[in-house]
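Let me begin by presenting the structure, written as structure tokens, before commenting on it.
The values are calculated or read from the model by the stated rules, or taken from the named source; none is laboratory data. In this text the structure is predicted, and so the values were computed from the model without any measurement. Cβ coordinates were reconstructed from backbone atoms using ideal geometry, including for glycine residues, and neighbour counts include every protein chain displayed.
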Ligand SMILES: Cc1ncc(COP(=O)(O)O)c(C=O)c1O
């Protein structure tokens, strides 16, 4: 095991005339930061960019666990896997079909690869104001209208846990000669209980990326790239060597191996985890004002599948918004949630959550719910119309920038991305025309204290547009 090798190495008395500059000295008085085992590519420690020894062993372990032909370890998050996959699966200028609810990293890949995106806007799920599954028919229609598409890019599960029908979508993509890339960042735990949706590569996706750090016990930034397509592996490796650090952290790689071993040795943990989820949903099924998505049996049929490890609580129709619910949970109940939006709060769970944690969240929601009143006027702020596009995002630096007030920006062409984080989905992309709906949405999100970011500055009262005269 890599971790044991790193620990063993600390005892051998070899003097480090090499990186990292801390020379394995513990400069942290509390001794928490693991300097001692923070090594680099020295003799016997393999190389992430051409693994054939201890790093290859970890990849092979992951291949067995995820039942795929090939995995690549990622230490710069799912982000570097997304950039690498999209570049490996396209040629500059290609047409790609993209679900509009993709993470900003997909848009960055589109820009740097000069791709021509055809967007698909998934529907909204009532009361929750989140994007629903992507209907396979929508992909088929887009492919019929754009038969020269080389790649289809979708996110499944979404941040909120909504899963699309990957089997049907991959069959359609392949029928039209396109490949399918799935950003499965939030689905790294899917193979480990049959209570979770099935994994995308098993359902025909050509390449998928899973973020280990999001839903499994692995350090932040760790992820895996998965594929069954041997013909694409060289291109994936070549692109990973561009987008991933040439000094990958051995601590992060050791944490990937620890995570995989934990899964192998703790099969029962997932049974406890899903039992805890079951009792959470059972306890919260009679809430009067708040709505927990998995308990809304009436909307089961509208999505293809759902990861019930994501606890999504809607505040729609009540006197508080999602931000306020998150604040009450934090300040009154000492519970920090993953994210809150205008009309919901998302609590992320994992196999490492305790029974007490689930009980605390359920009891807190029951108490909060009793004190809430209904307000039929609560709002949901999500863009439902695709903006018109004037030019590709990759052309944005060909235009003269002009900074103007956002409230005067209607009909101007944006030269920047604007997104709320989380979830990190762009509201507007360079090259798109700024509509009134977009301006209103940004102001409404700001009013609801949602953090808005742009490529130029945070919380934009101003926006950079293409100068027209
Ligand atoms: C859907 C989705 N894809 C990709 C990413 C990027 O993942 P990472 O933070 O592992 O780079 C995120 C991050 O939150 C995400 O939500």
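Please work out if residue 327 is farther than 20 Å from residue 283 by Cα, under 26 Å from the mean Cα position of the chain (by Cα) and free of Cβ contacts under 8 Å to residues at least 40 places away in the same chain. Criteria met by residue 327. Taking the range 65-79 as the range and being over 18 Å from the mean Cα position of the chain (by Cα) and either outside the structural domain of residue 202 (by TED's automatic domain parsing) or part of a helix (DSSP H, G or I) (or both) as the test, the residues that pass are 65, 66.
Evaluate the following for residue 107: is it part of a loop (DSSP other than H, G, I, E, B), within 16 Å of the ligand (Cβ to nearest atom) and at pLDDT 95 or above? In short, no. What do you reckon, is residue 81 buried (at least 19 other Cβ atoms within 10 Å of the Cβ), within 16 Å of the ligand (Cβ to nearest atom), in contact (Cβ under 8 Å) with a residue 60 or more places away in the chain and at positive phi? Taking the combined requirement at face value, the residue does not satisfy it.
Of the strands (runs of 3 or more DSSP E) lying entirely inside the range 386-469, those carrying at least 2 residues that are more than 26 Å from residue 340 (Cβ to Cβ) and modelled with pLDDT of 90 or more are 401-405, 462-466.
Conditions tested, residue by residue: (1) crowded, with 18+ Cβ neighbours inside 10 Å; (2) touching a strand residue (DSSP E or B) at 6+ places or on another chain (Cβ under 9 Å); (3) over 22 Å from residue 101 (Cβ atoms).
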site	(1), (2), (3)
391	no, yes, yes
431	yes, yes, no
443	no, no, no
454	yes, yes, no
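So residue 85 ticks every box in (1) in a helix (DSSP H, G or I); (2) more than 27 Å from the chain's Cα centre (by Cα); (3) more than 18 Å from residue 251 (Cβ to Cβ) but one. Which box is left unticked? Unmet condition: (2). If the condition is being more than 10 Å from the ligand (Cβ to nearest atom), buried (at least 22 other Cβ atoms within 10 Å of the Cβ) and more than 21 Å from residue 306 (Cβ to Cβ), then the range 180-226 contributes 181, 206, 207, 218, 224, 225, 226. Restricting 92, 62 to residues that are in a helix (DSSP H, G or I) and over 19 Å from the mean Cα position of the chain (by Cα) narrows the list to 62. Whether a residue is assigned to a helix (DSSP H, G or I), within 16 Å of the ligand (Cβ to nearest atom) and touching a helix residue (DSSP H, G or I) at 6+ places or on another chain (Cβ under 9 Å) was assessed, and residue 241 does not pass this test. Take the conditions (1) at pLDDT below 95; (2) touching a strand residue (DSSP E or B) at 6+ places or on another chain (Cβ under 9 Å); residue 361 misses just one of them, which is (1). Number of residues in the range 122-161 that are modelled with pLDDT of 95 or more, away from the ligand (no atom under 16 Å from the Cβ) and over 21 Å from residue 204 (Cβ atoms): the value is 2.
Exactly one residue among 314, 340 is in contact with a strand residue (DSSP E or B) (Cβ under 6 Å, 6 or more places away or on another chain), outside the structural domain of residue 132 (by TED's automatic domain parsing) and buried (at least 20 other Cβ atoms within 10 Å of the Cβ), and that residue is 314.
The one condition from (1) in contact with a helix residue (DSSP H, G or I) (Cβ under 9 Å, 6 or more places away or on another chain); (2) more than 29 Å from residue 315 (Cα to Cα) that residue 397 does not meet is (1).
Among the residues of the range 167-175, none qualifies, meaning not one is within 22 Å of the chain's Cα centre (by Cα), outside any helix (DSSP H, G or I) and not assigned by TED's automatic domain parsing to the domain that holds residue 418.
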